[in-house]
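J.: One structure is given below, represented as structure tokens, and several questions about it will come after.
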Amino acid sequence: MMSAQEVLASVGSFSFHDLLLFEEKALRKIFKKNDTVLRQGEICQSVYFILSGSFVQFLSDHEIEKIIDLHLPKEWMFNHPSLIEQMPSGTTIKAFEDAEAIELSLINLHELIARSQSFLNLGRIFDQANHRTYLFDNALSPAQKYNYIKNAKPLIVQVFPVKMIASYLKITPETLSRVRANY
């Protein structure tokens, strides 16, 4: 079982009192494979810290699902534009396998910040969009994208099928297979 201290380690250091506050406000949630965390069109009201299992964030365009993000343990997960601007989500987040996460609602996050300035450090979790920016705003070759993702999220290749990783990297599964063969 992961402690509040371990959950918050990625964003800063917190006093014992802060950790107790966090534990009071955070909810432990269990998800079964294919459970929906956020539906396209809903407004994202929470951030989740993944304790175990994995999640996929995708855009549904009729029959085609475009993978926007692949989420692994020890990561924070949410729909960035929906949460920040409180507008309907353009994506769906689903459990890829049985999973457990800690949910912190936006209301409770604001309450934590009001009670302790240390929780302003939680703002760092909103910088995660930078991974995506790096991947897609820099004209990287398929090999560079794969290399970047292997370094940034090494577990990704063990958890998700090639087709999903290729969709996430915006390359064809064939291209990804060639890149991996040359690795």
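J.: Can you give the three extents of the C-alpha atoms in the stretch 58-158 along their principal axes, from longest to shortest, in whole Å?
T.: 46, 32, 29
J.: Another question, if that's okay. Taking N as the number of residues in the stretch 135-183, what is its alpha-carbon radius of gyration divided by 2.2 N^0.38 Å?
T.: Output field value: 1.01.
J.: What list of whole percents do you get for P(r) of the chain, with Cα-Cα distances grouped in 10 Å bins up to the one holding the largest distance?
T.: 9, 35, 35, 17, 4, 0
J.: Which pairs, out of LYS25/LYS66; LYS29/LYS145; LYS33/LYS163; LYS25/LYS163; LYS25/LYS150, put more than 30 Å between their alpha-carbon atoms?
T.: Listed pairs above 30 Å: LYS25/LYS66; LYS29/LYS145; LYS25/LYS163; LYS25/LYS150.
J.: A further question follows. Working from Cα positions, state the angle (0 to 90°, nearest 10) between the long axis of helix 16-25 and the longest principal axis of the chain.
T.: 70
J.: What's the angle, to the nearest 10 degrees (0 to 90), between helix 142-152's Cα axis and the longest principal axis of the chain?
T.: It works out to around 30 degrees.
J.: If I compute solvent accessible area with a 1.4 Å probe over the protein chains, what percent of it on the chain is carbon and sulfur?
T.: That fraction is 53 percent.
J.: Given Cα pairs under 8 Å that are at least 6 residues apart, what percent is the relative contact order of the chain? Mind dumping the intermediate values first?
T.: Details: 285 pairs, mean separation 44.4, N = 183.
Once normalised by length, the contact order is 24 percent.
J.: Which ³J(HN,Hα) values, rounded to whole Hz and listed in residue order, are derived for the stretch 51-67 from phi using the Karplus coefficients 6.51, -1.76 and 1.60 in 6.51 cos²θ - 1.76 cosθ + 1.60 with θ = phi - 60°, glycine and proline given as x?
T.: Going residue by residue, I get 8, 8, x, 8, 9, 10, 10, 9, 10, 9, 10, 6, 8, 8, 9, 9, 6 Hz, with x marking Gly and Pro.
J.: Given the C-alpha atoms of the stretch 1-85, compute the convex hull and give its volume per residue in Å³.
T.: Residue-normalised Cα hull volume stands at 114 Å³.
J.: How tilted is helix 106-115 with respect to the longest principal axis of the chain? Cα atoms for both, answer in degrees (0 to 90, nearest 10).
T.: Result, in degrees: 40.
The values are calculated or read from the model by the stated rules, or taken from the named source; none is laboratory data. Please read all numbers here as calculations on a predicted model, not as lab measurements. Ligands, DNA and RNA are stripped out before the accessible areas are found, and what is left, the full protein with its side chains, is counted by its heavy atoms. Shrake-Rupley method; radii C 1.70, N 1.55, O 1.52, S 1.80 Å.
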